[in-house]
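Please read the structure below before turning to the comments.
The values are calculated or read from the model by the stated rules, or taken from the named source; none is laboratory data. Everything quoted here is computed from the prediction, not taken from an experiment. Cβ placement follows ideal geometry from the backbone for every residue including glycine, while neighbour counts extend to all protein chains displayed.
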Amino acid sequence: MTGRNKPDPALVKGWCPGALRPMETGDGFLVRVRLTAGVLSADLAQELADLSRRYGNELIDLSQRGNLQLRGVEVENLGPLQDRLADLGLLDRDAATEAVRNIVPPPLAGLDPTAAIDGRALCAALETRLAEETALHALPAKFGFVVDDGGRLALDDVAVDVRLSGVKTADGPRVLLEVAIAPAVWRPIAVAPVEDAVDRAADLARAVVRLRDKDAAPRRMWEVAKTFGLDALFEAAGFGETLAVVAPLAPRLCGPEAVLGDHTHAALPFIGLGAPFGRFTADQLALLGDLAGERAIGEIRLTPWRAVLIPGVKPEKMPRIRPWIAAGRFVFAADDPRLAVVSCAGASGCRSASVEARADGETLAPLARKLAKSGMTLHVSGCEKGCAHPGPAAVTLTGRDGAYDLVRDGRAWDEPTMRGLTLEESASALTDLAPF
Ligand code: SF4
């Protein structure tokens with residue numbers, strides 16, 4: 001194992017893992033692979049499926065920011081895995097560069113004829129700037145950007161810090177810059193020519209770094225805005241008080257409901273396949289690679305909605321995937337109750353768990369769906385580490401000593417309102433919480 005490959009114990013416990021900075025979880029190390037503009041080639045899908053079989057536990061997460069995470073990597077396999085990722089061009093020069101490349105791309109970047117801008121090119125340019133401007137490496141770990149090309153699919157629900165959206169104006173395409181003033185609540189601040197958009201985004205990011213020098217506490221844009229005020233942020237970024245007026249973007253489709261299923265008869269054909277509980281097996285990823293390579297344009301697109309898209313599939317090419325969908329191996333329908341639940345592997349896949357979180361999540365999914373008509377409402381966690389979903393959920397069931405503690409509107413490690421529930425008692429508690 002080379003020095004590069006040795007995991008630094010001081011680093012691996014963070015919540016923002018990468019390939020150079022793997023995170024230790026109950027089922028081994030988690031190695032996150034960040035793909036530029038969310039584009040996964042068919043060949044690369046096969047490679048990653050193979051690496052997951054060889055060095056991991058054949059489970060691959062699709063993260064909420066559209067990254068792939070190989071799970072269950074033993075410490076002695078980290079070096080060989082990183083070496084192979086380097087061969088594939090998937091390893092950054094250092095952990096700081098890797099960590100700052102936090103961009104959620106438009107799922108159909110570069111393919112959507114209705115888009116205002118080329119989102120793929122903008123993602124690549126922003127990524128290059130973040131990697132090369134080392135002053136920006138001081139951004140807090142979770143600080144992120146979203147690029148929305150203004151096309152068919154919106155990214156309104158993605159809780160990152162700065163949003164760059166393509167807009168069509170009378171003067172041609174422009175980029176609207178917005179900052180988050182609360183999770184997924186946006187404040188427009190400037191409109192820039194496309195060629196200046198990366199500079200303006202870097203100005204904002206630099207301002208955050210500078211302001212945090214004075215007070216290291218705020219980590220997300222909405223916290224920075226609250227702590228220092230928007231005026232101070234704009235001044236530090238050199239934006240003045242400005243905001244050019246743009247017409248609001250027309251409402252567009254957003255979320256898993258917008259992409260799951262068969263869209264092969266649309267002008268831009270694709271199929272949307274969800275990862276049950278946010279996780280594929282190596283075999284599923286390999287199948288997606290087969291489909292994309294043999295029956296479509298050779299690309300898989302990752303989304304932040306626990307789903308991938310295979311663009312360019314023709315309706316007559318669908319039969320091979322049908323048996324997998326029929327067997328429930330992919331989420332294909334927008335009303336699939338599994339979309340309401342996120343869970344970790346549980347006792348079958350992790351030595352820290354005392355409950356079968358994944359299987360129990362599946363059992364509870366119909367009840368979880370009754371808590372709200374859309375979105376994720378239930379997190380079933382094998383233990384208080386909450387690996388599968390570090391954020392809050394409407395209801396979290398945290399495994400402890402073979403039973404569940406129930407947390408309302410909180411995280412796996414928050415104070416529970418009920419303790420020591422069996423699966424049946426958990427189901428009963430969920431039933432009581434449902435609004436009808
Ligand atoms: S949350 Fe789940 S995967 Fe993470 S350590 Fe606990 S049991 Fe394991």
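Reported count of residues in segment 334-348, each being crowded, with 22+ Cβ neighbours inside 10 Å and of a type in the set (Gly, Ala, Ser), is 4. Close contacts from segment 36-59, counting a first residue that is under 12 Å from Phe280 (Cβ atoms) and a second that is of a type in the set (Val, Ile, Thr) and surrounded by fewer than 19 Cβ atoms within 10 Å (Cβ to Cβ), with Cβ to Cβ under 9 Å and a gap of 6+ residues or different chains, come to Ala49/Thr281; Ser52/Thr281; Glu58/Thr281; Leu59/Thr281.
Going through (1) touching a strand residue (DSSP E or B) at 6+ places or on another chain (Cβ under 7 Å); (2) within 16 Å of the ligand (Cβ to nearest atom); (3) more than 21 Å from Glu127 (Cβ to Cβ) one by one, Glu24 falls short only on (1).
If you go through segment 309-333 and pick out every residue that is over 21 Å from Arg358 (Cα atoms) and crowded, with 18+ Cβ neighbours inside 10 Å, you end up with 6.
In segment 27-54, what residues are within 16 Å of the ligand (Cβ to nearest atom) and out of contact with any helix residue (DSSP H, G or I) (no Cβ under 7 Å at 6 or more places or on another chain)? Hits for segment 27-54 are Asp27, Gly28, Leu30, Arg32.
On inspection, Thr396 qualifies as of a type in the set (S, T, N, Q) and modelled with pLDDT of 95 or more. For segment 316-361, the set of residues classified as of a type in the set (D, E, K, R) and either within 16 Å of the ligand (Cβ to nearest atom) or over 23 Å from Ala266 (Cβ atoms) (or both) consists of Arg329, Arg338, Arg351, Glu356, Arg358, Asp360, listed by residue number. Which members of segment 362-400 meet the condition of being over 20 Å from the mean Cα position of the chain (by Cα) and within 13 Å of the ligand (Cβ to nearest atom)? Of everything in segment 362-400, those that are over 20 Å from the mean Cα position of the chain (by Cα) and within 13 Å of the ligand (Cβ to nearest atom) turn out to be Gly382, Cys383, Glu384, Leu397, Thr398, Gly399, Arg400.
Residue count for segment 401-422, restricted to those that are within 16 Å of the ligand (Cβ to nearest atom) and either assigned by TED's automatic domain parsing to the domain that holds Lys142 or over 29 Å from the mean Cα position of the chain (by Cα) (or both): 3. Among the residues of segment 165-195, just one is surrounded by 15 or more Cβ atoms within 10 Å (Cβ to Cβ) and part of a helix (DSSP H, G or I), namely Val194.
Taken together, the residues in segment 400-436 that are loosely packed, with under 14 Cβ neighbours inside 10 Å, closer than 17 Å to Ser343 by Cα and among the charged types (D, E, K, R) amount to 1. Taking the criterion of being in contact with a His (Cβ under 8 Å, 6 or more places away or on another chain) and assigned to a loop (DSSP other than H, G, I, E, B), no residue of segment 282-329 qualifies.
For (1) assigned to a loop (DSSP other than H, G, I, E, B); (2) at positive phi; (3) in contact with an Asp or Glu (Cβ under 9 Å, 6 or more places away or on another chain), each residue gets a yes or a no:
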| residue | (1), (2), (3) |
| --- | --- |
| Gly361 | no, no, no |
| Pro366 | no, no, no |
| Gly391 | yes, no, no |
| Leu397 | no, no, yes |
| Tyr404 | no, no, yes |
| Trp413 | yes, no, yes |
| Glu425 | no, no, no |
| Asp432 | no, no, no |
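Of all residues in segment 76-96, those being modelled with pLDDT under 95 and not in a loop (DSSP other than H, G, I, E, B) number 2.
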